[in-house]
Structures are given as structure tokens and as C-alpha cells.
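Okay, so here's the structure we're looking at.
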Amino acid sequence: MGGLRLYKRYFLIQVKSAMQYKTSFLLTTIGQFLTSFNVFLGIYFMFQRFHAVEGFTYSEVLLCFSITLMEFSLAEAFFRGFDTFSGIISNGEFDRIMVRPRNEILQVLGSRIELTRIGRFLQAAVLFVYGIMKSHVLWSWDKAVTVLFMLIGGTAVFSGLFLIYAAICFFTLEGLEFMNILTDGAREYGKYPISIYGKRVLQFCTFVIPYALIQYYPICYILEKNSSWWYPFLPLLAILFLIPCLCLWKFGVHHYKSTGSY
Amino acid sequence: MKKYFSFFRLRFSMGLQYRAAALAGIATQAFWGGLEILMFRAFYRADPLAFPMSLESTSAYIWLQQAFLALFMGWVMENEIFASIQSGNIVYELCRPIGLYRMLFVRSLAYRLSRAVLRCFPILLMAAFLPSPYGIALPPSPAAGMLFLLGMVLGLFVTVAFTMLIYSLTFFTISPAGIRMVALSALEILSGSILPIPFFPKGLQGVLEILPFAAMQNVPLRIYSGDISGNEAIRALSLQAFWLVVLVGTGVILMSRASKKVTLQGG
């Protein structure tokens, strides 16, 4: 419980400091909005030409895109502290974190909370509502719960990826750019249901990194393409992905050698 | 001329130093290209008649785009230049007996080329070995190949000239983030880097094709695969040359006004 209170403190500090530069905050938020708006335009123009892809219509794809975007922006807002982690290691800041009697992950997360991601999230929410109105989904409580599970599971999976990114920094001392394939790539290509990329990609995204568990399978349940009772629970199963990520992090902390610089 | 060449050489060899980053870039771009093509394949299967290009030319377009990403993407701009304009350190450049516009132009060219040179060959090689509709083949004729090269040079110059406008405008505002963001977002969607221009709705396409944004990657990448050929290609290349003149002209005027009128903040 103490941890949560501490995080609340961090959060308030971050809000206050962001509000010191209101114009900059606003502009970055708009920038976030614009970049994902371009992705939306890409989908929109494709569906001016095509009516469906792999059995998914325009509004169904939008529903899928918006949920993925919400998952990603939630994870990014709260867990992108790991993004600058290579800096924390190379300037010796992590030494300071280690000597404090608090959880290291919590402190790293508190060091950077990206409120500007609200621009992206808002857009996702708008698209989500639009998708709901257009897609003729008959909503019931089980489908609503599925969306909630997707948001929880999705945030967990993306956070896990950010955690891996940071854990690798223990060994390389710098951020590895290729990890962006797994994070930004998933956001970029998660705009369409994963099945359209073919069977192999779907298998990879089911068993190696559980993207499909937080996107394709539950979406199929919501759109009534598959009504197996266990599909809504797959996003919760995806949370297990955090376990290997945490192990890697622990392993990294164990092997941490200070760079000595300050 | 010689001094600008040495600026070019300096920035170019500096850019070549970042080999680990280039390796990561290659992996990313190969991955991106593959997924992009799988996506287009799905749409092609859904309705081949609605597909505006052939699948082969779409694949070639995407692989070339990924291989030469650094040449045409708007965001390949140097934070160092932005920072020196904002902090006022740019005055040191003004002290030198060189044209500021020309120097920054050459420097941007070198920066983009050095990044592209490190990245393009492995991606092109890989794409060349992929099976037919998903890989990249040689251009349909040697003439098309020549036009492609000409289009690449013009496209690169137009892209740099456009980013030069953004640098110039930075002189006039203290926080350039806004201009930069809007300009780069517009470039991203209108130049065909998210979706090749033939995929846009018909009416919009006509408008997009004459904008300066279409004079960047759109022309060479479509000439290569034969999507634009003959007279149409000549017309597209002339339009590129036209926009290059206009953008450079505007940039030079803006930059000279900036260096005359603007009060630097001190350093």
C-alpha cells in the first residue's frame, strides 16, 4: 500500500511539472494525436477502396485499432519510464535508486510519466465509440467485460515489453533500437486484426509474444466470429507474459555493475 | 564550392560512425517492409480488382521505401541544428564566410545519404532474393532505371529543401515544436509514406500528385516498378524540378531574412 501512495506522489509531481510548460504539453499532446491520426487516415483511405479484409469490415477494423491503441497508450503513459532507462544507468542514477529502501521498478516508473499520451488515448476512445456505433455489435455484459480484460491484458503485455527493453540495458548500457519492432511495431501493425498478416505471424503472436491474445482472439469474440466461452479470458492469460519479463529484470538487477560515472 | 564539399564530407563520415544503430535500423526496416507487404497481400486477396497497382510494383515500392527511408522521411532532421538555432549558437556559423542556406543544405544531404548508404544494401539484397510478387526485381528497362535515379536525386533534394523551410521558420519562433509537428505530419501522409498515392481515392489523388509532397519519394519509387512510365514519367520529373526551384527559392529568401532581422537570444 505504501508503494501505491508513493506512486501517487510521483504522479502528482509529474503532473505539476508538466503543467509548468503548458504550451509544450499541449503541442506534444497534439503531436501524439496527429501521428496516430495519420495511421487512421491510412485505414480510412484503404477502406474507401476495399470493403473488407479477411472478413473484417471497416468499422470492425476501427474497433480493433482503437482498442490496441488504447492498450498501447495506457502502457506508454505509465510505463515509458523504462524508455529513458539507458540514461538512468549511464549517468549513475540507478545507484541512487538501489540505495533507497523502495522497489526499483516503482522508482524508475515514477521518474517519468508521459501524460501527453492522453492525445493518443483520446483519439483511440473517439474511434472506439465510432466503431461501436457503426459495427452493429449487440453489446452484452460479457462483451463489455471482454473489452475491460483486453485493456488490462494489453497494458500488461506492452508494459512487459518496455520492461524487457530496460532489462537489456543492464547488459548493453544503451537502449537497443530493434526492440522498437516489438513495441512500436505492434502498435503500428496492430491496427489490423493480426490474422490478416497470415498464419505464421498469427502463430508467432500467439505463442512467442502474446499480441494475438490481447487483440485478435477477444475481438473475434466481441464480433461474434467465434463464441468459445474461454476467448474473453485469453487477455488475462497474456498477463503471464509479465513473469518472464520480471525474471529478466531481476536477472539484470542482479548483474548490475555501476558505470561509475555520475 | 570546395568548402561546401568539405562540409559534406565531414557530415557524411560522421554519419557513417553509427554502425550499431544502422544494424538495428536494418532489422527494423526489414521487419516493417515484410509486415507492410503481408498487409497489402491481404487486401489484394480480398479484392484484386480494386487494387490500383500490381502487387509486384507495390512490393517494389515498399522495399525501396524501407531501404531508402533515411532519404525521404521528414523526421530525419538534426536536433543539433534546431538546438543551435534556439540557443543562438548559430551565430558562429554566421561568422564564417559561407552561405548559411547552402551549408545547412549540404549538411542535411550528407546526413541523409550517410544514413541511407549504411542501411540500403542489406535490405535491397534481401528483397531481391524474395519470391516474385513479394520481392523486388530490376526495373523494366535501362531507361526506366536512369529515370529512377534522376527521380531519386530530385526527390532527395526536394525533401531536403522542404526540411530547410522548417529550419528557417525556427528562426522566427522560440518554440518550433508546433510548426515542425504539423509540417512533418502533413509530409508523412501526403508524400505517400503511409500509403502509396495510387491507393488514395481518385479525386484526392489528382490533387496530391501536383503538391510538392508527391515530388519526394512518390515519383522515383513508382518509376522504378513501371507504375509511372513514358511521358507521364517525364512530366512527373519536371514537376519535381519545378518544386525544387520553388522550395529552394522560398528557403533562401526566408533564411536571408532570418539572418538579417532576427535577434538572437544570446548563448
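Table for the structure above
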quantity: Region A:1-120, Cα convex hull volume normalised per residue, Å³; calculated: 140
quantity: Pairwise FRET efficiency - A:Ser140 versus B:Leu10, Cβ, R0 = 41 Å, nearest 0.05; calculated: 0.05
quantity: Rel. contact order, % - alpha carbon contacts under 8 angstrom, at least six apart, chain B; calculated: 27
quantity: In order through region B:23-38: 3J(HN,Hα) via Karplus (6.51 cos²θ - 1.76 cosθ + 1.60), integer Hz, x for Gly, Pro; calculated: 4, 4, x, 4, 4, 4, 5, 4, 4, 4, x, x, 5, 4, 5, 4
quantity: Candidates A:Gln215, A:Gln203, A:Gln123: whichever shows maximal mean-square fluctuation once chain A is modelled as a Gaussian network with Cα springs under 10 Å; calculated: A:Gln203
quantity: Rough spin-label spacing in nm, given labels placed 7 Å along Cα→Cβ, for A:Ser90 and B:Leu124; calculated: 3.2
quantity: Nearest-0.05 FRET efficiency for B:Phe172 and B:Cys95, computed from C-beta distance (R0 25 Å); calculated: 0.75
quantity: Karplus-derived HN-Hα couplings along region B:241-247 (A = 6.51, B = -1.76, C = 1.60, θ = phi - 60°), whole Hz, x at Gly and Pro; calculated: 4, 4, 5, 4, 4, 4, 5
quantity: Globularity index of chain A, i.e. its alpha-carbon radius of gyration over 2.2 N^0.38 Å; calculated: 1.06
quantity: In region A:133-199, the chymotrypsin sites (Phe, Trp or Tyr not before Pro) that fall in loop regions by DSSP, at most 13 other Cβ within 10 Å; calculated: A:Trp139
quantity: Isotropic mean projected area of the C-alpha convex hull, region B:72-211 (nm²); calculated: 11.1
quantity: Surrounding net charge for B:Glu36, when Lys and Arg each add one and Asp and Glu each subtract one, Cβ distance under 13 Å; calculated: +1
quantity: Over region A:2-254, relative contact order from alpha-carbon pairs under 8 Å, at least 6 apart, %; calculated: 26
quantity: Furthest towards positive pole of dipole, A:Leu138, A:Tyr10, A:Ile30, structure part chain A, Cβ charges; calculated: A:Tyr10
quantity: Ranked packing of B:114-122, A:10-18, B:7-15, most packed first, by mean Cβ within 10 Å; calculated: B:114-122, B:7-15, A:10-18
quantity: Chain B: most fluctuating residue of B:Gly226, B:Gly203, B:Gly151 per GNM, C-alpha cutoff 10 Å; calculated: B:Gly203
quantity: Within region B:104-133, chymotrypsin sites (Phe, Trp or Tyr not before Pro) in DSSP loop having at most 10 other beta-carbon neighbours inside 10 Å; calculated: B:Phe129
quantity: Most mobile listed residue (A:Leu127, A:Leu41, A:Leu161) in chain A, GNM with C-alpha springs under 10 Å; calculated: A:Leu41
quantity: Inter-chain Cβ neighbour average for residues B:45-52, partner chain, 10 Å; calculated: 3
quantity: Projected label distance in nm at A:Phe11 and A:Leu236, using a 7 Å step from Cα toward the beta-carbon; calculated: 2.4
quantity: Dipole in debye (nearest 20) - region B:2-261, about Cα centre, beta carbon charges: Lys, Arg +1; Asp, Glu -1; calculated: 960
quantity: Helical mean residue ellipticity (222 nm; -39500 (n - 2.57) per DSSP H run of 4+; nearest 500) of chain A; calculated: -22500 deg cm²/dmol
quantity: Region B:42-192 - percent relative contact order, Cα under 8 Å, separation 6 or more; calculated: 36
quantity: Separation of the B:Leu49 and B:Val246 label points, Cα + 7 Å toward Cβ, nm; calculated: 3.8
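Only the coordinates and a few stated rules stand behind these numbers; no lab work does. Since the model is a prediction, treat every value here as computed from it, not as a measurement. Glycine also receives a Cβ, built like all others from the backbone with ideal geometry; neighbour counts cover every protein chain displayed.
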